[in-house]
Amino acid sequence: MKQTKQPKYIFVTGGVVSSLGKGIAASSIGLLLKSRGFRVTIQKFDPYINVDPGTMNPFQHGEVYVTDDGSETDLDLGHYERFLDVTMSKLNNTTTGQVYNEVITKERRGDYLGATVQVVPHITDEIKRRMTALGDTGDYDIIITEVGGTVGDIESLPFLEAMRQLVLKIGKANALYVHLTLVPFIRSSGELKTKPTQHSVKTLLEIGVQPDILLCRSEYQLDRDVRAKIALFSNVDEDSVFEARDVPSIYEVPIVFARQHLDAAILHKLRLPLHTLSMQSWSTFVHRVNHPRTNVRIGLCGKYVQLHDAYKSITEAFIHAGAANNARVELVWIDAEDVQKHGVERYMKSLSGLLVAPGFGTRGVEGKIRAIQYVREKNIPFFGICLGMQCAVIEFARHACKLRDANSTEFNKRTQNNVIDLMEHQRGVEIKGATMRLGSYPCILKKATHSFRSYRDQFIRERHRHRFEVNNDYRAILEKKGMIMSGLSPDGNLVEMIELQHHPWFVGCQFHPELKSRATKPHPLFRSFVHAALEYQRVSGQAGHGALAGKPKNSSLNV
Ligand code: GLN
């Protein structure tokens with residue numbers, strides 16, 4: 001058995017309003033502690049009753065983040081991976097649905113025979129078991145737990161109660177409460193207001209939780225008086241009130257925190273040694289994000305473009321890949337249905353590349369296909385992810401192979417040319433939750449392709465989330481007209497990547513590369529796509545928007 005030291009626990013709660021950026025705050029703290037030499041992981045507890053977000057509409061919940069082990073999780077796990085450069089698993093995300101599922105299954109099995117099963121202690125015990133599961137592995141020195149929702153919500157109460165009980169058990173020296181709150185600026189009086197923070201801390205105190213550190217989101221600097229007032233009413237010392245000012249890029253947040261010595265304060269309170277902070281690669285990355293040499297316009301065509309969170313990992317992957325190319329990627333959001341309604345030309349003008357996004361269902365598909373035909377014929381770099389790759393295959397089959405009714409059976413069950421079809425093992429699957437082909441699978445790349453040149457490797461592993469695939473009956477026809485099946489599953493049965501012979505950069509992948517891009521390790525395909533877009537911009541004489549106005553609009557903590 002592994003000898004385990006008692007790990008330290010940091011709990012991050014949020015007050016006043018939702019969307020303050022707890023995920024970014026937790027990730028930033030995690031990065032700083034990791035950069036001080038500790039083994040850190042982050043977990044998220046979500047108060048909703050869905051077992052996972054896999055069945056939720058991206059309009060409501062944003063992107064579903066898939067981990068290597070195939071769990072469908074909250075998008076904050078994406079931030080954890082991107083900031084900390086660690087790999088998450090199903091243990092890093094718990095929902096109320098999972099907790100109740102577990103307790104009810106045990107009850108039916110008879111594990112609680114004789115007892116009345118209640119929120120306290122049965123639900124809270126199950127939450128505590130999950131809160132310490134990663135700590136019990138012995139693999140980490142520090143576990144950061146982000147508690148979803150806002151303090152005061154009915155539904156997150158059991159999580160907060162479990163957290164309180166756990167801290168009581170392990171002792172205050174081993175745990176820390178960080179509370180992220182809002183200090184709004186009231187324009188009419190020209191003042192920063194502390195009352196919402198006072199109320200939010202009171203709510204925590206009522207349930208027996210005394211925050212140790214307050215992170216105050218605000219538009220303006222918190223002066224001494226404001227900090228002193230917050231400290232007094234919150235029962236903490238002034239040095240424990242930190243500012244979380246709005247910054248242009250989420251990637252600056254760790255630097256802003258480090259400047260205030262937040263990490264040192266945390267380590268001091270947790271009685272951990274203060275090793276040197278090493279943030280060189282992070283600072284270089286942030287510098288590149290803030291000082292790009294040029295700008296490049298890339299279209300992102302999808303159907304959830306009104307809610308950018310639905311494509312969170314893609315937008316972040318572009319920031320990483322842009323920085324690696326010393327460029328800022330200016331994303332032009334294109335609603336696939338608009339392309340269908342108003343024609344393609346006006347949306348493609350001045351673009352140096354097009355990415356067609358993942359997705360489900362028929363809506364907008366014809367617009368995506370039209371946009372792909374345009375960039376294919378005009379030699380504009382193209383990158384298709386999952387549904388985006390499937391649309392590229394349909395487009396090529398229709399217009400290059402002359403299979404006029406080519407389609408996916410997801411959109412037309414009766415098509416004569418089902419170039420995209422349901423995967424064999426998906427036939428007969430009726431249950432919707434967690435039944436797609438999910439998680440990390442190996443793929444073998446063909447040499448002398450863009451795919452191979454990007455990865456500089458023949459053997460890769462990428463994450464999947466789909467039910468449909470290229471129909472092998474059409475491989476020969478597609479190949480004859482110039483489509484290359486550049487990545488295959490090891491048994492050769494599944495087409496994982498495609499590209500085109502006579503095109504500067506036309507690549508599709510059935511998997512989701514965006515999920516593995518990290519701030520300091522941009523994904524090879526995004527990196528090479530942005531490079532191709534820059535090259536197209538140079539050759540075609542498109543304006544590089546050389547003089548860049550301002551910093552990237554990757555707005556602040558508010559993600
Ligand atoms: N709807 C497609 C499928 O299930 C694509 C999924 C996706 O883009 N993630 O295969």
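Some notes on this structure:
- Condition check for Lys378: touching a residue at least 60 places away in the same chain (Cβ under 8 Å) and either surrounded by fewer than 23 Cβ atoms within 10 Å (Cβ to Cβ) or within 14 Å of the ligand (Cβ to nearest atom) (or both): no
- Subset of the range 159-198 (residues that are over 29 Å from Pro121 (Cβ atoms) and without any contact (Cβ under 8 Å) to a residue 24 or more places away in the chain): Ile186, Arg187, Ser188, Ser189, Gly190, Glu191, Lys193, Lys195
- Candidate set from the range 412-429 (those that are in the same structural domain as Gly541 (by TED's automatic domain parsing) and farther than 20 Å from Glu496 by Cβ); member that is farthest from the ligand (Cβ to nearest atom): Gln416
- Within the range 337-375, the set of residues being within 16 Å of the ligand (Cβ to nearest atom) and touching an Asp or Glu at 6+ places or on another chain (Cβ under 7 Å) comprises Arg363, Gly364, Gly367, Ile369, Ile372.
- Of the helices (runs of 4 or more DSSP H) lying entirely inside the range 41-150, the ones with 2 or more residues being of a type in the set (Lys, Arg) are found at 96-109, 124-136.
- When the range 381-405 is filtered for residues that are hydrophobic (A, V, I, L, M, F, W, C), away from the ligand (no atom under 15 Å from the Cβ) and within 20 Å of Leu354 (Cβ to Cβ), the ones remaining, listed by number, are Phe382, Phe396, Ala397, Ala400.
- Complete set of residues in the range 286-300 that are assigned to a helix (DSSP H, G or I) and under 27 Å from Asp74 (Cβ atoms): Val286, Val289
- Qualifying residue in the range 397-411 (condition: assigned to a helix (DSSP H, G or I), assigned by TED's automatic domain parsing to the domain that holds Ile314 and touching a strand residue (DSSP E or B) at 6+ places or on another chain (Cβ under 6 Å)): yes
- With a requirement of 2 or more residues that are within 16 Å of the ligand (Cβ to nearest atom) and under 26 Å from Thr409 (Cβ atoms), the strands (runs of 3 or more DSSP E) lying completely within the range 435-506 that satisfy it span 437-445, 459-466, 468-470, 495-500.
- Applying the criterion of at least 3 residues that are crowded, with 20+ Cβ neighbours inside 10 Å to the helices (runs of 4 or more DSSP H) found wholly in the range 301-361 leaves 312-324.
- All conditions in (1) at pLDDT below 95; (2) under 26 Å from Phe529 (Cβ atoms) hold for Arg463, with the sole exception of (1).
- Residues in the range 145-190 that are in contact with a Phe, Trp or Tyr (Cβ under 8 Å, 6 or more places away or on another chain) and under 13 Å from Leu270 (Cβ atoms): Val167, Ile170, Asn174, Ala175, Leu176, Tyr177, Val178.
- Selection from the range 188-234 of residues that are part of a loop (DSSP other than H, G, I, E, B) and over 28 Å from Lys169 (Cβ atoms): Ser188, Ser189, Gly190, Lys193, Thr194, Glu219, Tyr220, Gln221, Leu222, Asp223
- Hey, Val12 in contact with a helix residue (DSSP H, G or I) (Cβ under 6 Å, 6 or more places away or on another chain) and crowded, with 22+ Cβ neighbours inside 10 Å or not: yes
- Residue in the range 317-336 that is within 16 Å of the ligand (Cβ to nearest atom) and either of a type in the set (Lys, Arg) or under 24 Å from His523 (Cα atoms) (or both) present: yes
- Residue match in the range 266-276 (condition: outside the structural domain of Ser352 (by TED's automatic domain parsing), more than 22 Å from Asp85 (Cα to Cα) and in a helix (DSSP H, G or I)): yes
- Residues satisfying the stated conditions in the range 360-378, i.e. at positive phi and touching a strand residue (DSSP E or B) at 6+ places or on another chain (Cβ under 6 Å): none
- Here is the figure for the range 166-183: residues that are part of a loop (DSSP other than H, G, I, E, B) and out of contact with any strand residue (DSSP E or B) (no Cβ under 7 Å at 6 or more places or on another chain) total 1.
The values are calculated or read from the model by the stated rules, or taken from the named source; none is laboratory data. Quick caveat: nothing in here was measured; it's all calculated off a predicted structure. As a convention, Cβ positions derive from the backbone with ideal geometry for all residues, glycine included, and neighbour counts pool all protein chains shown.
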